[in-house]
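The values are calculated or read from the model by the stated rules, or taken from the named source; none is laboratory data. These numbers were taken from a predicted model, which means no experiment stands behind them. Cβ placement follows ideal geometry from the backbone for every residue including glycine, while neighbour counts extend to all protein chains displayed.
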Amino acid sequence: MRPEHSIRDCPTKVRCNVNQCQHFHHPFLHDSWQQPATVAHSSCVQPRVMIRVLPVILSGPAGEVSTYALLDEGSTVTLLDESIAKQIRAKGPVNPVLLRWTKDTVCDHKDSRNVQLKIKGINCEQEYEIQNVHTLKNMNLPTQTVNAKKLKSMWDYLKYVDFQSFDHA
């Protein structure tokens, strides 16, 4: 539902009719509504969930690279695509990493390296050293595009938040 959508202004008012309910709301609000859940993902569909990313500068012995950091509060490990580690020559010992997620899906990265590097925001002078970063070959994460102007026009609370648009981050 859009934020400005309410029952008062709804052009498609339809009564619920689950167990003779006559309220104007979606039938899914009733516990008795039983329908198997179907989840699908397609890279062609515009996502409704925004992945939290920040533009950052990573540096190592051979220089620096501008990229995006994905913020994942549930993560227990810091990962870096091997290609970026090579660009900045962040080197370290081979330290295999085993990634496990839903439905016992496991991915064993035997050639992962444990590296350290420095990170800073694109408009910041302060650098922070990050240790125990695991490299992975070809992470191939999905990208997202954010139009800051459009989001600020859709959501009033973002009008005073300073953030930039980005493309394929």
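Assorted remarks:
- Within the stretch 116-147, the set of residues being surrounded by 14 or more Cβ atoms within 10 Å (Cβ to Cβ) and under 16 Å from the mean Cα position of the chain (by Cα) comprises Gln144, Val146.
- Among the candidates Lys103, Lys110, Lys86, Lys91, residue that is over 24 Å from Gln164 (Cβ atoms), exposed (fewer than 10 other Cβ atoms within 10 Å of the Cβ) and at pLDDT 90 or above: Lys110
- A single entry from Gln144, Gln131, Gln116, Gln126 fulfils the requirement of being over 19 Å from Ile84 (Cβ atoms) and not small (Gly, Ala, Ser): Gln126.
- Matching residues in the stretch 89-140 - criterion: being among the aliphatic types (A, V, I, L, M), more than 23 Å from Gly63 (Cβ to Cβ) and in contact (Cβ under 8 Å) with a residue 24 or more places away in the chain: Val97
- Of the criteria (1) modelled with pLDDT under 90; (2) surrounded by 15 or more Cβ atoms within 10 Å (Cβ to Cβ), which one Pro47 fails: (2)
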